[in-house]
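Student: Mind looking over this structure? Questions follow.
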Amino acid sequence: MARAEPAAAGSPALGLFPVALIALLAAPVLAGLAGVALPAFGWLPALGGERLSLGAFAALAERPGIARSALLSLWTGLGSALLAFVATVLFVAGFAGTRTFSVLRGLISPLLSLPHAAAAIGLAFLVSPSGWLIRLASPWATGWTRPPDLLVINDPAGTALLLGLAAKEVPFLMLMTLAALGRGGGAATAMVTASLGYGRVTGFLLAVLPRLYPQIRLPIFAVIAYATSTVDMALVLGPTTPPTLAVALVRLAADPDLAVRFEASAAALLQLGVTASALAIWMLGERAAAMLARRAARRGRRDHFDNALAAAGLAGTGLAAAAVGAGLVSLGLWSVAEQWRFPAGLPDSVSLERWSAALPELVATVGTTAALAAASTAIALVLVLGSLEAAERRGSKGLAGAGLIYLPLLVPQVAFLFGLQVLLLAAGVTPGLAPVLLAHLVFVVPYVALSLEDPWQAFDRRYARAAAALGASPARIFWRIRLPLLARPVATAAAVGFAVSVGVYLPTLLAGGGRVVTLTTEAVARAGGSDRRTLAIYALAQTLLPFAGFVAAALLPRLVHRGQRAAGGVR
Amino acid sequence: MSGQPDCLRLEGVRITRGGEVLLGADFAVAPGTATTVMGPSGSGKSTLLAFLAGFLDPAFMAEGRVRLGDDDLTRLPPQARRLGLMFQDDLLFPHLDVAGNLLFALPAAVRGRAARRSAVDAALGEVGLEGFGDRDPATLSGGQRARVALMRTLIARPRALLLDEPFSRLDRSLRGQVRDLVFGVARARRLPVLLVTHDEEDAAAAGGPVVSLRAM
């Protein structure tokens, strides 16, 4: 009955997978950082910089608004992370296990698959002076018959960016919190605190959160790193004069005068400093909060405005979901609006003309985007599964170098990607699809690894032992037992990887040198323009592609396990 | 807060799931006595306890009342019922020291750092753990942890105790000792105790009536 097994899984080559994985995670980040550190101090022989100096920093300091840019990045990044964290925690504290909870929980996956750029564009469509919200309230409530002269988005203080980032990060933090809650005995502890007379929220904050927090700490750090250095969301929602530091950096990097590269490198190091400061401030906050919580726990007060706090959590998370959702709906409306006079709540007439006009170019862009996403996801899956299987056969728990998984997520993208671009240029590599694929992998691999690790560890090893006792080889166990039983989490991880690749902006922009056009780069590029309808079409396409991936991930395992009820039930 | 000990009454309790009757219970537990609910796994023992404590999963439907003295607990939220709950696991909070665990449970009505601390020290003394306040729960033995968990439950001044197989994780040698301590303290404080178990020895040690749940 022996069937041919693919050879790779049984060969010693399996040991190469973890090495490749670690190299892929660490090498681009470290090389990229070197690629900005050296030019920042004046050393870049390709551009004639052969002496170390602080000139680039001096020049950067002379730039008007650079200090304000740095402060804006710090403020919007930290503020959005704090807001998203507080809303998430209060909501989970107040509603875990209730019906409201399961309703909102169902929204997490679709919201999570939504690319940052599409979310930002949708929000801009919703709240801009001529946006849907003001139209719905005009003229009956506001009295406006023309778009008001208000700076709602792109406000100089970065408020729109801060709120937009917070709304987009809530689903991610929620997912991480729920995963951590599922791992530890949160429910039992909640019963103890309630039986001791504690309200839901106070009990959660004082007894459950202290143990939960260490598990969601790295995801929070990743959120802070992203939020302090985002480019795509800041381009759409952020302030313009001056912009946030990351946007200022991208502008410097695109300067036709190559000498400005030295300054851009210095700005990249400054960005690194801003993100590091944000993390340091957060850690100080952690200490203070932990001390306050320990003190409060010793006082024995049972209720700290529990109802108000729970309501705030519900309002925060509900508002985030509603805003992002309504933004998507307004994208849909604009994409088919033929004529839409200002105060009207709905388009005067609709047509699919814009869609058909945009179609030829759209199809090509979807093709490039999907091909990049599929390729990077496939490579990431092979690498991660191979590394997990290699660890399994060595008998070790978890991935080797698991700590490195977060590295590309904790270092600001813009800092090391720019350095990588400088290195590629210096090495004479032409920007194009191959470097873009590599740059996507740097971000796809960590997310695929993060979503596969838990289910892989939770897999009941007795199945594998039972198969081994029946004489099955390790390769056969992997292909015939483990992989089919983990079909569902593998499909989910693939959908996550696909969505990450579709959504990334900077890797495509910097590694592609402007020659590789994806839905995301196109949508962000068009966000600055005046053609709302075509922009809406691209933002929608950017939303639908990863969503289709999640739908496929939900359906495929059912086909694989047709007719077997229990199989595929491994999470 | 009444000074009088109260009787815990289950009146016409019936728990159903999807129209199917899971269990019925109709009995009273007098102050200072322990009633044992026995039944094989799957008979709904823990479901009954969850209902009493206010944690019944929404998948279940329950009718009937739970009374404590003159109060009807049935519609109260869990945190207002003041029922002391103990599980198989001691569930001591690992991020707080032993005193922190007890201070968390001590009612806020006891004010002032010194007064709170001396109440906690007295409670520890009651179970032979003088001077253990600053210890990390992780450094305690199983028997010590069980005693801290008991005092954490009692220091909150519950009006009744609900025990969900609380001795099943303890070593044989410790079991009897902890069991006697729990029932002794409950008797001394005139608390009604409802014990859920599948262990005959536990039921015998409880000394009170035994209610059997059949899987229905």
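The values are calculated or read from the model by the stated rules, or taken from the named source; none is laboratory data. These numbers come from a predicted model, not from an experiment. Using ideal geometry, Cβ is built from the backbone for each residue, glycine included, and neighbour counts are taken over all protein chains shown. Just the protein is used for accessible areas: all its heavy atoms, side chains included, with ligands, DNA and RNA removed. Shrake-Rupley method; radii C 1.70, N 1.55, O 1.52, S 1.80 Å.
Student: Please state which of the following conditions A:Arg393 fails to meet, knowing it meets all the rest: (1) over 17 Å from A:Phe125 (Cβ atoms); (2) outside any helix (DSSP H, G or I); (3) open to solvent by 40 Å² or more (accessible area, probe 1.4 Å).
Tutor: The number of the failed condition is (2).
Student: Of A:Ala554, A:Ala567, A:Ala525, which residue is of a type in the set (A, V, I, L, M), over 27 Å from A:Pro28 (Cβ atoms), open to solvent by 30 Å² or more (accessible area, probe 1.4 Å) and at pLDDT below 95? Give the steps one after another, and end with the answer.
Tutor: Numbers: A:Ala567 fails: open to solvent by 30 Å² or more (accessible area, probe 1.4 Å); A:Ala525 fails: over 27 Å from A:Pro28 (Cβ atoms).
None of the others qualify; the one that does is A:Ala554.
Student: Just to be sure, is B:Pro58 assigned to a loop (DSSP other than H, G, I, E, B), facing chain A (nearest Cβ under 9 Å) and farther than 22 Å from B:Ile15 by Cα? Spell out the reasoning first.
Tutor: Working: assigned to a loop (DSSP other than H, G, I, E, B): yes; facing chain A (nearest Cβ under 9 Å): yes; farther than 22 Å from B:Ile15 by Cα: no.
No.
Student: Would you check which residues across the stretch B:13-58 are of a type in the set (Lys, Arg) and touching a Ser or Thr at 6+ places or on another chain (Cβ under 9 Å) and list them? Lay out the reasoning, then the answer.
Tutor: In the first step, residues of the stretch B:13-58 are kept if they are of a type in the set (Lys, Arg); the result is B:14, B:17, B:45.
B:Arg17, B:Lys45, listed by residue number.
Student: Still on this structure: Do we have any residue at all in the stretch B:90-97 that's within 14 Å of A:Gly197 (Cα to Cα) and within 7 Å of chain A (Cβ to nearest Cβ)? Talk me through it step by step, then tell me what you get.
Tutor: First, the residues of the stretch B:90-97 that are within 14 Å of A:Gly197 (Cα to Cα): none.
Looking through the stretch B:90-97, none of the residues is within 14 Å of A:Gly197 (Cα to Cα) and within 7 Å of chain A (Cβ to nearest Cβ).
Student: Of the residues A:Val247, A:Val208, only one is touching a helix residue (DSSP H, G or I) at 6+ places or on another chain (Cβ under 7 Å), more than 14 Å from chain B (Cβ to nearest Cβ) and in a helix (DSSP H, G or I); which? Full working, then the answer.
Tutor: Details: A:Val208 fails: more than 14 Å from chain B (Cβ to nearest Cβ).
The unique qualifying residue is A:Val247.
Student: Name the residue that is surrounded by the fewest Cβ atoms within 10 Å (Cβ to Cβ), counting only residues in the stretch B:62-89 that are within 8 Å of another protein chain (Cβ to nearest Cβ) and of a type in the set (Gly, Ala, Ser).
Tutor: Result: B:Ala80.
Student: Are any residues in the stretch B:104-149 more than 12 Å from chain A (Cβ to nearest Cβ), part of a loop (DSSP other than H, G, I, E, B) and not acidic (Asp, Glu), and if so, which ones?
Tutor: B:Val127, B:Gly128, B:Leu129, B:Gly131, B:Phe132, B:Arg135, B:Leu140, B:Ser141
Student: Shifting gears a bit: Kindly indicate whether any position in the stretch A:222-239 is under 21 Å from A:Ile108 (Cα atoms), assigned to a helix (DSSP H, G or I), out of contact with any strand residue (DSSP E or B) (no Cβ under 7 Å at 6 or more places or on another chain) and not aliphatic (A, V, I, L, M). So that I can check it myself, show each step before the final result.
Tutor: Initial filter on the stretch A:222-239 (under 21 Å from A:Ile108 (Cα atoms)): A:222-224, A:226-227, A:233.
Filter once more, so that each one left must be assigned to a helix (DSSP H, G or I): A:222-224, A:226-227, A:233.
After this cut, where a residue has to be out of contact with any strand residue (DSSP E or B) (no Cβ under 7 Å at 6 or more places or on another chain) as well, the list is A:222-224, A:226-227, A:233.
Now restrict to residues that are not aliphatic (A, V, I, L, M): A:226.
Yes, the stretch A:222-239 contains a residue that is under 21 Å from A:Ile108 (Cα atoms), assigned to a helix (DSSP H, G or I), out of contact with any strand residue (DSSP E or B) (no Cβ under 7 Å at 6 or more places or on another chain) and not aliphatic (A, V, I, L, M).
Student: Follow-up question, since we're still on this one. Of these, A:Ala180, A:Ala167, which one is crowded, with 23+ Cβ neighbours inside 10 Å and closer than 25 Å to A:Thr492 by Cα? Give the steps one after another, and end with the answer.
Tutor: Working: A:Ala180 fails: crowded, with 23+ Cβ neighbours inside 10 Å.
Answer to the selection: A:Ala167.
Student: Also, I was wondering about something else. Looking at the structure I just gave you, is A:Val350 in contact with a helix residue (DSSP H, G or I) (Cβ under 8 Å, 6 or more places away or on another chain), open to solvent by less than 60 Å² (accessible area, probe 1.4 Å) and more than 30 Å from A:Ala194 (Cβ to Cβ)? Quick ask: steps written out before the conclusion?
Tutor: Details: in contact with a helix residue (DSSP H, G or I) (Cβ under 8 Å, 6 or more places away or on another chain): yes; open to solvent by less than 60 Å² (accessible area, probe 1.4 Å): no; more than 30 Å from A:Ala194 (Cβ to Cβ): yes.
When the stated conditions are applied, A:Val350 does not pass them.
This table checks each residue for (1) within 14 Å of chain B (Cβ to nearest Cβ); (2) among the small types (Gly, Ala, Ser); (3) touching a Cys at 6+ places or on another chain (Cβ under 8 Å).
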{"site": "A:Leu126", "(1), (2), (3)": "no, no, no"}
{"site": "A:Leu136", "(1), (2), (3)": "no, no, no"}
{"site": "A:Pro156", "(1), (2), (3)": "no, no, no"}
{"site": "A:Ala180", "(1), (2), (3)": "no, yes, no"}
{"site": "A:Gly186", "(1), (2), (3)": "yes, yes, no"}
{"site": "A:Met191", "(1), (2), (3)": "yes, no, no"}
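Student: Check A:Gly122, A:Gly143, A:Gly77, A:Gly94 and return the single one that is within 19 Å of the chain's Cα centre (by Cα) and farther than 30 Å from A:Ala264 by Cα. So that I can check it myself, show each step before the final result.
Tutor: On the way: A:Gly143 fails: within 19 Å of the chain's Cα centre (by Cα); A:Gly77 fails: farther than 30 Å from A:Ala264 by Cα; A:Gly94 fails: within 19 Å of the chain's Cα centre (by Cα).
The conditions single out A:Gly122.
Student: If only one of B:Ala53, B:Ala28, B:Ala59 is within 22 Å of B:Val185 (Cβ to Cβ), open to solvent by 40 Å² or more (accessible area, probe 1.4 Å) and not aromatic (Phe, Trp, Tyr), which one is it? Can you show your working first?
Tutor: On the way: B:Ala53 fails: open to solvent by 40 Å² or more (accessible area, probe 1.4 Å); B:Ala59 fails: within 22 Å of B:Val185 (Cβ to Cβ).
From the options B:Ala53, B:Ala28, B:Ala59, the qualifying one is B:Ala28.
Student: Here's something else I'd like to know. Conditions first: (1) of a type in the set (A, V, I, L, M); (2) open to solvent by 30 Å² or more (accessible area, probe 1.4 Å); (3) touching a residue at least 40 places away in the same chain (Cβ under 8 Å); (4) in the same structural domain as B:Val37 (by TED's automatic domain parsing). B:Ala138 passes all but one, so which condition is the exception?
Tutor: With (1) of a type in the set (A, V, I, L, M); (2) open to solvent by 30 Å² or more (accessible area, probe 1.4 Å); (3) touching a residue at least 40 places away in the same chain (Cβ under 8 Å); (4) in the same structural domain as B:Val37 (by TED's automatic domain parsing) applied to B:Ala138, the lone miss is (4).
Student: Looking only at the stretch A:403-413, which residues are farther than 23 Å from A:Phe498 by Cβ and either modelled with pLDDT under 85 or part of a helix (DSSP H, G or I) (or both)?
Tutor: Answer for the stretch A:403-413, where residues must be farther than 23 Å from A:Phe498 by Cβ and either modelled with pLDDT under 85 or part of a helix (DSSP H, G or I) (or both): just A:Gly403.
Student: May I pose another question? Might you check whether a residue that is in a loop (DSSP other than H, G, I, E, B), assigned by TED's automatic domain parsing to the domain that holds A:Ala141, among the aromatic types (Phe, Trp, Tyr) and closer than 18 Å to A:Ser130 by Cβ occurs anywhere in the stretch A:314-336? It would help to see each step written out before you state the result.
Tutor: Going residue by residue through the stretch A:314-336, those that are in a loop (DSSP other than H, G, I, E, B) are none.
No, the stretch A:314-336 contains no residue that is in a loop (DSSP other than H, G, I, E, B), assigned by TED's automatic domain parsing to the domain that holds A:Ala141, among the aromatic types (Phe, Trp, Tyr) and closer than 18 Å to A:Ser130 by Cβ.
Student: Here's something else I'd like to know. What tally of residues in the stretch B:143-166 results from selecting those that are over 11 Å from B:Val178 (Cβ atoms), touching a helix residue (DSSP H, G or I) at 6+ places or on another chain (Cβ under 6 Å) and not charged (D, E, K, R)?
Tutor: Summing the residues that are over 11 Å from B:Val178 (Cβ atoms), touching a helix residue (DSSP H, G or I) at 6+ places or on another chain (Cβ under 6 Å) and not charged (D, E, K, R) in the stretch B:143-166 gives 6.
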